[in-house]
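Below you'll find the structure, written out as structure tokens, and then a few comments.
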Amino acid sequence: MATTDTFSRLNIDDRCVAWLTLDRPEVLNAFDDALIAELNAHLTAVAEAAERGEIRLLVLGSAGRHFSAGADLGWMQRMVEYDFEDNLADSRELASMMQRLDSLPCPTLCRVQGAAYGGAVGLAACCDIVIASEKARFCLSEVKIGLSPAVISPYVQNAIGRRQMRRYALSAEVMDATTAEALGLVHRVVEPAALDTALEAMIETLLATSPQASRATKALLAEVAREPDTAATREHTCQAIARLRVSDEGQEGLTSFFEKRRPVWAPAPSSTTER
């Protein structure tokens, strides 16, 4: 299955892996209102398919040498003419995109091959796992042009912590890939030539997990983050594991473990699929 819009494309391979690709390499995959609208539509479709069990995970990437340069210059020029209400509507669309990506029920994997500036840092922060090339660079650049990383700030701060967020949001310093990894924004840094190999290895790792348990765990972690230590949360965690233990996938997982075989959902380790 494949869908292609003007500035992005969504492909779903025969492993039920969704590949969402920013496809504006001529402008370094910069955001504008049209791209944001497309991504919102794609993410809504992925969320619905993931809930039905038709998508196992999402890979977010981009075409060309850079992940995304942030806001498109033409879009920014139009913003100069916007009044408060126009800017508020624009910002709400961006916020919806970030929230949809952050809350997708399936695991999300981000591939960063070059510059990730402004809102692109938010995209990375909203993904569960980020693999970056050694050439990747990250920057919360907004204050340099009189703006703020407002909409993406909850997600980036969750990724790197309050103290580091203060530094990088206020200084607009460029983070190299090693720094981003040390801060927690990136999970693994590899040589540029090894980026796709590392990505594929992580895809196989994620596909070896129970689809139901992955969705349940992601929802559970979001709940725990909101209320980390309350009686309600503790009860929620107990009920979550009890439901999984008696579910079909839970029973299959336990049985396959004791029988020393792969569970039915896990592909053979050497499996590869062209996308």
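Assorted remarks:
- Viscosity 1.567 mPa s, 4 °C: Kirkwood-radius Stokes-Einstein D of the stretch 164-244 over Cα pairs, µm²/s: 81
- Gyration tensor verdict on the stretch 127-275 (Cα atoms; rounded if a/c is under 1.5, prolate if a/b is larger than b/c, oblate otherwise): oblate
- Set of lysines with alpha-carbon distance to Lys144 below 28 Å, sequence-local pairs under 8 removed: Lys135
- Overall, the stretch 210-259 carries a charge dipole of about 140 debye about its Cα centre when +1 sits on the Cβ of Lys and Arg and -1 on the Cβ of Asp and Glu, all other atoms neutral.
- Classified by the C-alpha gyration tensor, the stretch 15-129 has an oblate form. Its axis ratio a/c, with a ≥ b ≥ c, is 1.5 or above, and a/b does not exceed b/c.
- Over the Cα atoms of the stretch 1-70, the radius of gyration divided by the Kirkwood radius equals 0.98; this is the Rg/Rh ratio.
- Applying a 4.7 Å Cβ-Cβ cutoff to the chain leaves Cys16, Cys106, Cys126, Cys139, Cys238 as cysteine residues with no disulfide-compatible partner.
- Tensor-based shape of the stretch 68-110 (alpha-carbon gyration tensor, a/c under 1.5 rounded, otherwise prolate or oblate): oblate
- Average accessible surface area per residue within the chain, 1.4 Å rolling probe, Å²: 52
- Here the scattering of the stretch 34-91 is modelled by Debye summation over its C-alpha atoms, one equal scatterer each and no solvent; at q = 0.24 Å⁻¹ the log10 of I(q)/I(0) is -1.03.
- Kirkwood hydrodynamic radius of the stretch 66-194, Cα pairs, Å: 14.9
- Convex hull volume of the C-alpha atoms in the chain, normalised per residue: 143 Å³.
- For a straight C-alpha distance cut-off of 15 angstrom, the aspartates and glutamates reachable from Lys218 (same-chain residues fewer than eight places away being disregarded) are Glu51, Asp102, Asp128, Glu227.
- Measuring only protein heavy atoms, the 1.4 Å probe finds Ser62 accessible over about 10 Å².
- Each principal axis of the Cα cloud of the stretch 74-139 was evaluated for its coordinate range; sorted largest first, these ranges are 39, 30, 14 Å.
- Loop-resident sites, the stretch 61-140, for GluC sites (Glu not before Pro), counting at most 11 other Cβ within 10 Å (DSSP): Glu81
- About the centre of its Cα atoms, the chain shows a dipole size close to 920 debye [charges on the beta carbon of Lys, Arg (+1) and Asp, Glu (-1) only; nearest 20 debye].
- Stretch gain in nm, segment Asp176-Thr217, where the contour uses 0.36 nm per residue and the Cα spacing is subtracted: 11.7 nm
- Across the stretch 210-259, Cα-Cα pairs more than 13 Å apart make up 59 percent of the total.
- Sulfur and carbon atoms: percent of accessible area, the chain [1.4 Å]: 54
The values are calculated or read from the model by the stated rules, or taken from the named source; none is laboratory data. All values reported here derive from a predicted model rather than from experimental measurement. Positions of Cβ are backbone-derived with ideal geometry, glycine not excepted, and every protein chain shown enters the neighbour counts. Please note that ligands, DNA and RNA were not included when accessible areas were found on the heavy atoms of the full protein model with its side chains. Shrake-Rupley method; radii C 1.70, N 1.55, O 1.52, S 1.80 Å.
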